[in-house]
Every structure is written in C-alpha cells, then in structure tokens.
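Read the structure below first, then the notes.
The values are calculated or read from the model by the stated rules, or taken from the named source; none is laboratory data. This is a predicted model, so every value here is computed, not measured. Here the Cβ is made from the backbone with ideal geometry for all residues, glycine too, and neighbour counts use every protein chain on show.
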Amino acid sequence: MKKLFGVLGNPIGHSMSPVMHNDLFSLYNIDAEYLPFLVKEDELRDAVNGLRALGAGGFNVTIPHKSSIIPFLDEVDELAASIGAVNTVVNKDGKLIGYNTDGLGFLKGLDAYKTKIQSQKILVIGAGGAARAIYFTLAKEKPIQIDIANRTLEKAVQLIEECPYSISSRGLTLNHASSELGEYDLIIQTTMIGMEPNITEQPITLEYLNENSLVCEIIYNPLETRILREAKSIGATVQNGIDMFVYQGALAFEKWTGIFPDIQRMKENVLGQLGGK
Ligand code: NAP
C-alpha cells in the first residue's frame, strides 16, 4: 500500500520538497507519495493527529510550525529539543519522533570543501531560526570559536546563552563583525538580506574579508546573492543555500527510508524547479 509523506506549512505552495522527494521515491522504487499540506496555526494539532491516524510514514515541518509542533509529538531528539524546532518527523510504529536536519544539512553540505570544523573560527551572521539550528549543530562539533553577528545584538547574545554545548562565542553588531572579518575561516550568512526581491542588499561589508575564507549563504533564491558575488570577486570560496536545502531533505529521506539519496540528482531537481536561476 502506498505510504504517505508530506510537508506541513503556511504558506506551502512554493515548497520544492514534494517534487524533490517524489522523484527520489520513484528513483528507489518506493511506493510512496509526498504531498504539500497547507496547515493553519490553529489546525496543527488536528493535522498531526490526522497524519498519525492515516499511518503516514513521516513528514517535514516548515514555517510557521517548526516550534509549535513539538507538544504534539511523542518524542523529540536531543539536538532538535535543544534547538527548540523540528523540521522532520518519523512515524515509528505509531510513535511520532521529531528531528531537526536543518543544521546537520548545513554541516553535511560543508563536506565537499573538506572543512575540518574543529580547527575553524566561524562567524554566523543572523540570529533567527536558521541561525539557531546551524549554531547549535556546529557548537556540538567543537570548533575553536563561533561568533554571532546580528542587527539586534540582544538576540545574538541570547542565542549564545541558550546553547547547551559549551563553545567560545561572542555576540557582535554587524559593524563590529565587518571590522574583524579577516579573522574568520568560515562565514555563514543566515539572514534574509539579499533574497528576492531585495537582491541589491547585503548584511555586512566585505572590506576586510580574507581570501582564504569560505563564505556560505543559506539563501538559494537568487543562487548568487550580492555577498557571494563580492566574496567571490575578492577570491574567497563561496557556497549558496542549495546544499543546505538538499542535504536537510536527504537526511529526512534517510530517516524515513534508510537510504541516503543521490545528492547530485536532488540538486539538479531543485535547480530545475528554480528555473536554473
Ligand atoms: P528568522 O528567524 O525570521 O530570522 C531572520 C534574521 O534576519 C534575523 O537575524 C534578523 O535580525 C535578520 N534580518 C531580517 N531583516 C533584516 C534587515 N533588514 N537587516 C538586518 N538583519 C535583518 O528567519 P529564518 O527562518 O532564520 O530564515 C532566514 C533565511 O534563511 C531565509 O532567507 C530563509 O529562506 C533561509 N533558510 C534557508 C534554508 C535552506 O535550507 N537553505 C533553511 C532555512 C532558512 P533581527 O534579529 O535583528 O530581526
């Protein structure tokens, strides 16, 4: 019998996950279907219980439900609980277990650059939900230092205080981080600055960027944001947000099926959906 999978969010119309996962189910001959579900905030509990009753194999969770879903699950793994957000749920014999593959997806996307996290000085720009998943996940890996720069400094400081993994960290203003940019091996841009339609903006100036740095962006629309374009022109290595998106999906697919899927195919699928932008 066909297994049901899906993604709960609001809005959900532009999600690239259904096409990406359905392609994988067909590639691996798995009799399953992944559907987008538009779920309003006050209907989340019913939606979760409905999926449980229908015997869904699992589902993804996206904005605005990543945190509010937690009370409706039977179990949440340690990393997702510390982040306070779940993006992947597995139905294990009727028990719904929540995971967070966003930060791990980012981490896995770094493999291609042979980055040894433990020897890195890292700057995270932004202190929102995505930054939290990435910061906690990287902190668990024990790099030398992870600083957080944010428009609202208090939010960066709060994130550092709430992290359960002990790590050398400073909360910085965006200007402060700009002036010390040369110190970092890895810079991760997690704000929505530079995203369509505000593509001429960037969160910090790159005057002091070290050309040996790796600059990562988690935005994938456009594929090359202004910060990536400038970093590349300085000679730094750059990565756009496609890798994080594809790897978070791959890790979810692996949890549901036991198969770690073909990443290159997933990337091509997503690029195709973005219209090769
Ligand atoms: P969020 O929780 O709303 O956080 C937004 C962040 O952006 C905050 O740090 C906020 O600073 C900052 N910001 C917003 N407008 C700003 C402005 N005008 N100037 C300076 N800073 C500003 O959002 P999120 O969920 O973390 O998502 C952030 C981005 O990541 C989005 O573009 C999203 O599409 C992308 N994302 C990508 C993936 C992927 O798989 N590639 C996954 C998740 C998210 P304040 O604290 O000062 O408000």
Could you tell me whether any residue of the stretch 240-254 is surrounded by 17 or more Cβ atoms within 10 Å (Cβ to Cβ), over 25 Å from I199 (Cβ atoms) and more than 12 Å from the ligand (Cβ to nearest atom)? yes
May I ask you to verify whether A47 is among the hydrophobic types (A, V, I, L, M, F, W, C) and more than 22 Å from A250 (Cα to Cα)? yes
Could you list all residues from the stretch 64-80 that are modelled with pLDDT under 95 and either touching a Cys at 6+ places or on another chain (Cβ under 6 Å) or of a type in the set (A, V, I, L, M, F, W, C) (or both)? L79
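Consider the stretch 208-219. How many of its residues are of a type outside the set (D, E), under 16 Å from G241 (Cβ atoms) and buried (at least 21 other Cβ atoms within 10 Å of the Cβ)?
Number of matching residues: 4.
Does the stretch 197-207 contain any residue that is farther than 24 Å from V61 by Cβ, of a type in the set (D, E, K, R) and either buried (at least 19 other Cβ atoms within 10 Å of the Cβ) or more than 10 Å from the ligand (Cβ to nearest atom) (or both)? Talk me through it step by step, then tell me what you get.
Within the stretch 197-207, the subset farther than 24 Å from V61 by Cβ is 197-207.
Filter once more, so that each one left must be of a type in the set (D, E, K, R): 201, 207.
Filter once more, so that each one left must be either buried (at least 19 other Cβ atoms within 10 Å of the Cβ) or more than 10 Å from the ligand (Cβ to nearest atom) (or both): 207.
Yes, that holds for at least one residue.
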Could you tell me whether any residue of the stretch 138-155 is within 16 Å of the ligand (Cβ to nearest atom), free of Cβ contacts under 8 Å to residues at least 40 places away in the same chain, farther than 16 Å from A85 by Cβ and surrounded by fewer than 16 Cβ atoms within 10 Å (Cβ to Cβ)? yes
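Before we move on, is I122 crowded, with 20+ Cβ neighbours inside 10 Å and outside any helix (DSSP H, G or I)? Spell out the reasoning first.
Numbers: crowded, with 20+ Cβ neighbours inside 10 Å: yes; outside any helix (DSSP H, G or I): yes.
It is true that I122 is crowded, with 20+ Cβ neighbours inside 10 Å and outside any helix (DSSP H, G or I).
Specify the residue that is farthest from the ligand (Cβ to nearest atom); the eligible residues are those in the stretch 213-236 that are touching a residue at least 60 places away in the same chain (Cβ under 8 Å) and under 21 Å from S119 (Cβ atoms). Can you show your working first?
Looking only at the stretch 213-236, we keep the residues that are touching a residue at least 60 places away in the same chain (Cβ under 8 Å), and these are 214, 216, 218.
Okay, now just the ones that are also under 21 Å from S119 (Cβ atoms), so 214, 216.
Working: L214: 16, C216: 10 Å.
Checked the stretch 213-236; the qualifying residue farthest from the ligand (Cβ to nearest atom) is L214.
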